[in-house]
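Trainee: Pasting in a structure now, in structure tokens, and then I'll have a few things to ask.
Each value in this text was obtained by applying a stated rule to the coordinates, not by laboratory testing. Keep in mind that what you see is a predicted model, and the values were worked out from it rather than measured. Here the Cβ positions follow ideal geometry from the backbone for every residue, glycine too, while neighbour counts run over all protein chains shown.
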Amino acid sequence: MKTKMLSLTRKIQLNIDLSDYEERKAAMAKLYDWQYCCFKASNIIVSHLYVQEMIKEFFYLTEDIQYKLADQKKDENGILNRSRINTTYRVISDRFKGKIPTEILSSLNRNLESAFKKNAPEYWSGERSLQNFKRDNGFPFGPYSMYCFKYDEERKCFCFRLFKIPFCTYLGRDFSDKRVLLHRVLKGETRLRTSQIKLKDGKIFWLAVFDIEQEQHALKPNVVAEATLSLEYPITVKIGSNRMTIGTKEEFLYRRLAIQAARKRAMVGSVHSRGGHGRKRKLKAVEKFKKKETNYVNQRLHVYSRKLIDFCVKHQAGTLILLNQEAKIEAAQENDFVLRNWNYYELMTKIKYKAEKAGIELVVG
């Protein structure tokens with residue numbers, strides 16, 4: 001049986017591997033220009049894709065107007081003078097030619113075309129709004145754009161060149177599997193897919209996408225795990241006569257409410273903070289506590305979802321059912337406190353990802 005492959009994304013910090021300050025500054029400015037071009041190009045692509053689809057809805061056009069989205073050379077009823085995917089690429093290529101490598105534009109166009117097709121049914125049913133891109137969105141590139149990928153034993157980092165700009169990784173005290181995955185890429189045991197470079201606060205982050213094999217466990221499809229998510233007990237799971245509660249309201253909320261209270265005190269005290277650089281300096285302590293709360297919640301949800309999947313694997317449960325979730329979501333929306341402090345969607349996302357990786361079928365009831 002062929003092993004199923006999954007995509008795994010890891011966030012890796014990069015440094016520009018140049019010794020001269022002016023060269024590093026120029027390279028960073030170039031990266032910011034590319035990110036800005038991709039921000040504008042993304043909105044243009046999505047707008048064109050939406051208009052192409054909506055031509056069918058322009059009922060006020062005359063009847064002899066053709067609206068088949070196909071190349072006129074291949075279909076006599078087609079209204080395009082080239083293939084459909086090439087239309088959006090040509091639009092952004094003509095506008096940003098010479099400002100950004102064409103490989104980036106090509107990867108961007110393919111990604112957005114694929115995402116648009118996937119979400120199209122939800123666009124037409126009104127369940128999803130058209131995607132809007134911001135200035136801090138990264139720019140994609142294919143693995144074929146990376147050259148000289150190697151491991152530097154002396155500096156203990158991975159180095160490569162991307163569009164003639166040399167980079168080196170900064171992994172720090174890496175407790176995850178980033179270093180292992182990169183070594184596997186070097187050995188040819190796994191491969192990279194289309195990834196992204198994202199710039200934020202003067203730092204460079206590589207959102208590396210790896211191909212990994214799905215975990216192989218001795219699971220039984222007829223063994224069903226029933227789980228419920230709530231604020232009282234983040235996760236309660238039952239498999240036959242085996243039952244387990246993961247986390248408690250006091251455990252999850254105690255630290256979170258303490259961080260919120262500390263942030264509120266910092267906000268009150270910011271009136272007396274030393275200025276000099278405007279709003280950013282005065283609210284420095286406030287922003288620190290905001291990040292603390294985000295990091296704490298993210299870590300706890302990872303722990304809870306990991307324990308749930310490990311419990312299912314231990315008891316060979318091949319199916320995981322989340323019970324009565326729609327009713328609980330509606331109840332949570334009526335309570336501001338629960339809505340503010342119960343990260344249901346994030347927990348669901350982490351459970352879904354870990355279940356897929358372990359080969360467990362997830363059913364939301």
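Trainee: Quick check: from the Cα gyration tensor, does segment 137-235 come out rounded (a/c under 1.5), prolate or oblate?
Mentor: Taking the square roots of the gyration eigenvalues as a ≥ b ≥ c, segment 137-235 is prolate.
Trainee: Under 21 Å Cα to Cα from Lys150, which lysines show up? Leave out anything in the same chain fewer than 8 places away.
Mentor: Qualifying lysines at Cα under 21 Å: Lys11, Lys164, Lys178, Lys187.
Trainee: Loop only by DSSP, 12 or fewer other Cβ within 10 Å of the Cβ. Give me the chymotrypsin sites (Phe, Trp or Tyr not before Pro) in segment 143-222 that pass, ordered by residue number.
Mentor: Counting only loop positions with at most 12 other Cβ atoms within 10 Å, the chymotrypsin sites (Phe, Trp or Tyr not before Pro) in segment 143-222 are Phe175.
Trainee: With just the Cα atoms defining each centre, how far is segment 234-264 from segment 99-162? Give it in Å.
Mentor: Computed from Cα coordinates, the inter-centre distance equals 36 Å.
Trainee: Let me make sure I get this right: for segment 180-237, a, b and c are the square roots of the gyration tensor eigenvalues over alpha carbons, sorted descending. Under 1.5 in a/c it's rounded, otherwise prolate if a/b > b/c, else oblate. Which is it?
Mentor: Note, shape of segment 180-237 comes out oblate.
Trainee: Would you kindly state how much longer the chain becomes between Gln214 and Ala26 on full extension, computed as 0.36 nm times their sequence separation minus their alpha carbon distance, in nm to one decimal?
Mentor: Stretched out fully, the Gln214 to Ala26 stretch lengthens by 63.5 nm.
Trainee: Loop only per DSSP, at most 13 neighbouring Cβ atoms within 10 Å: give me the GluC sites (Glu not before Pro) in segment 110-148, ordered by residue number.
Mentor: Loop-located and lightly packed - Glu127.
Trainee: Kindly identify segment 201-279 as rounded, prolate or oblate by the Cα gyration tensor criterion: order the square roots of the eigenvalues as a ≥ b ≥ c, call it rounded if a/c is under 1.5, otherwise compare a/b with b/c, prolate if a/b is larger, else oblate.
Mentor: It is oblate, given that a/c is not under 1.5 and a/b is not larger than b/c.
Trainee: Give, as ranges by residue number, the residues of segment 196-212 whose backbone N falls under 19 Å from the point 7 Å along Cα→Cβ of Lys284.
Mentor: Label zone hits: 201-203.
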